[in-house]
1. Might you let me know whether region 573-588 holds any residue that is part of a strand (DSSP E or B), open to solvent by less than 60 Å² (accessible area, probe 1.4 Å) and modelled with pLDDT of 85 or more?
2. May I ask you to verify whether Gly536 is over 18 Å from Leu433 (Cβ atoms) and surrounded by 17 or more Cβ atoms within 10 Å (Cβ to Cβ)?
3. Sort out which residues of region 556-597 are within 17 Å of Thr509 (Cβ to Cβ) and hydrophobic (A, V, I, L, M, F, W, C), and write them in order of number.
4. Please tell me if Gly119 is within 30 Å of Pro312 (Cα to Cα), modelled with pLDDT of 95 or more and either in contact with a Phe, Trp or Tyr (Cβ under 8 Å, 6 or more places away or on another chain) or open to solvent by 10 Å² or more (accessible area, probe 1.4 Å) (or both).
5. Given region 339-389, what strands (runs of 3 or more DSSP E) lie entirely inside it while holding 1 or more residues that are open to solvent by 10 Å² or more (accessible area, probe 1.4 Å) and acidic (Asp, Glu)?
6. Output the number of the condition that Thr298 fails; it satisfies all remaining conditions of (1) buried (at least 24 other Cβ atoms within 10 Å of the Cβ); (2) at pLDDT below 90; (3) under 30 Å from His197 (Cα atoms).
7. Scan region 497-507 and give yes if some residue there is touching a Leu at 6+ places or on another chain (Cβ under 8 Å), buried (at least 23 other Cβ atoms within 10 Å of the Cβ) and among the acidic types (Asp, Glu), otherwise no.
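The values are calculated or read from the model by the stated rules, or taken from the named source; none is laboratory data. If you're wondering where the values come from, they're calculated on a predicted model, not measured in any experiment. All Cβ positions, glycine included, derive from the backbone under ideal geometry; neighbour counts span all protein chains shown. Accessible surface is based on the protein model in full, side chains and every heavy atom, while ligands, DNA and RNA are left aside. Shrake-Rupley method; radii C 1.70, N 1.55, O 1.52, S 1.80 Å.
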Amino acid sequence: MTHHLRKFLHAAIVAALIASPVAAATPSPDPTAPQRTLKAFSGEPELAALFRQWAGEAERRRGEQRARQSAGKSAPLAQAAPAAAPAALAKEEAAATADSLTNVQHAGVDEGGIVKLHGDHLVILRRGRLFTVRVGDDELRPVAVVDAWGQGIDPGGAWYDEMLIAGDTIVVIGFSYARGGTEIGVFDISRAGRIAHRSTLHLRSNDYYSSRNYASRLIGSRLVIYSPHFLNPWGDPHAAFPALRQWRPGASPADFRRIAPATRIYRSDEPLDPFAGVALHSVTTCDLAAPQVDCQSTAVLGPPGRVFHVSPRSVFVWTTQPRRSADAGQPASAVFRIPLDGSPPSALKASGSPIDQFSFHEDAGGMLNVLLRADGRGDGMWAAERGGGDLALLRVPLTSFSDGREAAPAAAYRRLPPVAGNALQNRFVGPFLLYGGGSGWQAPRATQPAGLYAVRHADGRVYELPLPHAVDRIEALGSNALVVGSDGRDLQFSSVRLGRLPVTVDRHTRGDAAQGETRSHGFFYKPVGEDDGLLGLPIIGGGEAAGRQLRQASAAVLFLRNRGLSLSELGTLDGRPAAGERDDGCRASCVDWYGNSRPLFIGSRVFALLGYEIVEGRVGPQRIVERRRLDFAPAMQQVAR
């Protein structure tokens, strides 16, 4: 057993010994509801007392710092900074259901994306603008284009990243460095595809960006947004609290009103060191069916490192203390379960950190399964693409969540085989956890003998499936799986049957190619029978780095047919290189952080979105052929805004 894994499991064993027994479940409407929950602050006085304590400690440290400086014994003591600030600055500087088009993790939980369907129209978010394209009645015709921000708003320093549609309401989720928080743009869309701005809300928060995760979800008409708030003990922590304001000309910081009162802020018994980093992890819900959109937040205090996962009933937020401040004999992490029905959160102490949102799975037996990495850094910014350490599968009953005083027992962790490289991909499909290593956003490299690991999470049995390529993407094909990766030159697709024993069934090779989108939404699988379907994935030339998705559309979208896990190529719908070279007059979001190319399946029709082009194909028995294409770039629009 390696040194890292010994430390990893030792912390879990110690935690089990010092924790009280896990409470047994009692009958309730939700069989996984905890018997005990986290305690909220009793009111503003109790919260203010905590902040006065922090301020007093900050003043004491300042005094010690001044004394050391006077004595010339040390350099100035650095003040704690929000954990995501350097990465947030890097991002800023880098730029100076059946009709669903989105490859989601949970049916019924839509995820913010760049293209959605509203009736007869595609709605596309790209480079700070919303476009509508009519596809009903066998058409392919541009209709409208509007800015993704409200009238009178300066879009400088803002990013407009994700879009969701509820009924006739479009919501654009962005982040404004200039205005210091999440921006929620609300638009009305008509049956004719016309878009009108209704209102804009500003939600005070730190940057939510993740190279893998999405900030927003939609369940029915309820918008769910996760956002971190890093608290500064050297100043006024209240200044970072979740707060909302309606945009208006002349809006000022004084217009913000708090939406997370002290009685909706929770904490466990875990000691928090604000000088090592403390965050208020908030889950904000907004009713998009209301005439006037309003929002409320529930928040938990915890360490700044985080990964969050949204299930149909709850939001899980996994927090991890910085290694320098973790006690070797205590669990370094905690996972919070925040119900979406407004009931109090619960928590469980743990060790390690998930890789991304795909590391979580609630199974039908009421168990939470999480793939953990000993040295994980959360999924903020590009943290999911880095990190290392030993791997383990945590498997605990949801009923073990409580008031935060208890820890997952050592027996709940199962050691897993390590993988080479840092860009680890993982996915729960059926009764299995699948994982392996790839190149991530970097250029593909010639692979040494690689493999996919399949773990039956109910009993921990591990199976290794050798592969001649890296694991850059894992997707579900119904109850089975598809693994996509490069061998350094060619792009390989391996189908995997997840039966009693997981086995690879077929492999398809696309020569001189690599995947053009690392985002989960870049892939889509459309089942056309119990074991058959069509799949699409954007591709670029072999050896090219997937990071080119930030500024260039993919060269093409490749389509394959799946028949009983036998894969055959239908061909590609190709973009025109010149289409991405024109000046589009971009004013905001001029880097495609969330990608720009997608396969689209609408009824029996098949499309490829490639930057500002939409190419429609006709699928024949053996091949897909181009039927027509549309360039909807702003300079080509013939309709008035």
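1. The answer is yes; a qualifying residue exists.
2. yes
3. Answer for region 556-597, where residues must be within 17 Å of Thr509 (Cβ to Cβ) and hydrophobic (A, V, I, L, M, F, W, C): Ala556, Leu558, Phe559, Leu560, Leu565, Leu567, Leu570.
4. yes
5. Correct list: 360-362.
6. For Thr298, the failing item is (2).
7. no
Every residue, every condition in (1) hydrophobic (A, V, I, L, M, F, W, C); (2) not in a strand (DSSP E or B), yes or no:
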residue	(1), (2)
Ala476	yes, no
Ala481	yes, no
Ser495	no, no
Thr509	no, no
Lys526	no, no
Gln549	no, yes
